[in-house]
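Written below as structure tokens is the structure these notes are about.
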Amino acid sequence: MNRSGLNYQSKGTWTKRFMAAAVVQGAVVAGLTVFLVLGQISFIKPEVSRVMAAGGAGTWFTFGYMMYIIVGVMGVAVSALFYHYLENVLGRRIRRSAKALAWTHLVLMNVGTAAAMGLLMYAGYLGGSSMLPENVGGQGFNAGQAHEILAPFVEPISVAILVIVASVVAGGTGFLMTYRYSNTS
């Protein structure tokens with residue numbers, strides 16, 4: 001209902017886009033989880049649970065998986081709430097340069113999240129599995145040797161995280177522009 005008490009249909013274009021993206025990211029995480037669970041009991045050797053339980057370099061895997069859920073699913077969904085507030089509660093339209101900033105927010109947040117967290121998980125699995133004993137499928141590496149596996153991933157992960165930060169700054173800037181100036185345009 002709007003302020004006059006009348007029902008209205010949401011015209012929240014950006015709300016819908018961000019919620020759709022959150023649903024897609026949630027489906028990706030669900031698919032990844034199914035893959036990991038099925039792989040755990042059949043074809044992934046050494047098992048992901050061993051990599052996670054061992055800690056060390058495997059912590060990167062755990063961190064990437066959790067952050068994918070937090071940033072990729074929940075963060076995108078919370079962004080949708082901000083756009084809902086602008087579009088449906090305040091009744092403001094996202095226009096002109098704010099629209100370009102919203103697109104930047106949507107695309108870069110999703111791409112950056114998938115890249116950063118995917119790389120964290122991949123590097124964490126490689127590094128963590130290398131530290132496991134040979135009798136369970138590892139290579140028996142020490143922390144220094146595992147670090148050599150992780151090192152090439154540090155800069156790409158950092159760049160992907162900066163892409164996420166840039167997307168949030170772009171979205172925040174567009175939000176503020178719409179919040180402050182949309183009644184005058």
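Summary table below
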read-out	value
Ranked by how many other beta carbons lie within 10 Å on average, peptides 75-84, 155-164 from highest	75-84, 155-164
Ranked packing of 112-118, 129-135, 34-40, most packed first, by mean Cβ within 10 Å	112-118, 129-135, 34-40
Protection proxy ranking, peptides 142-152, 100-110, average beta carbon neighbours within 10 Å, highest first	100-110, 142-152
Exposure ranking of 95, 180 by accessible area [1.4 Å probe, largest first]	180, 95
Choice from 85, 68, 125 showing the highest fluctuation, given a GNM over the chain with Cα pairs closer than 10 Å	85
Largest-first principal axis extents, alpha carbons of the range 1-105, Å	60, 28, 18
The range 95-185 - convex hull of alpha carbons, volume per residue in Å³	78 Å³
Over the chain, volume per residue of the alpha carbon convex hull, in Å³	116 Å³
Two-decimal Rg to Rh for the range 96-136 - Kirkwood Rh, Cα set	1.41
Helix runs (DSSP H) in the chain reaching 15 Å along axis by Cα, Kyte-Doolittle at least -1.0	13-41, 96-131, 143-181
With every protein chain in place, the chain: carbon and sulfur % of accessible area (1.4 Å)	68 percent
Debye equation applied to the C-alpha atoms of the range 40-94, log10 I(q)/I(0) at 0.22, 0.28 Å⁻¹	-0.84, -0.98
Solvent-accessible heavy-atom area per residue, rounded to whole Å², over the chain at 1.4 Å	56 Å²
Hull volume in cubic angstrom per residue (convex hull over the Cα atoms of the range 11-53)	62 Å³
Value of [θ]222 nm, deg cm²/dmol, for the chain, DSSP H segments ≥ 4, -39500 (n - 2.57) each, nearest 500	-24500 deg cm²/dmol
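The values are calculated or read from the model by the stated rules, or taken from the named source; none is laboratory data. These numbers were taken from a predicted model, which means no experiment stands behind them. No Cβ is skipped: glycine too gets one built from the backbone with ideal geometry, and neighbour counts run over all protein chains shown. Protein only, heavy atoms only, side chains kept; ligands, DNA and RNA dropped before computing areas. Shrake-Rupley method; radii C 1.70, N 1.55, O 1.52, S 1.80 Å.
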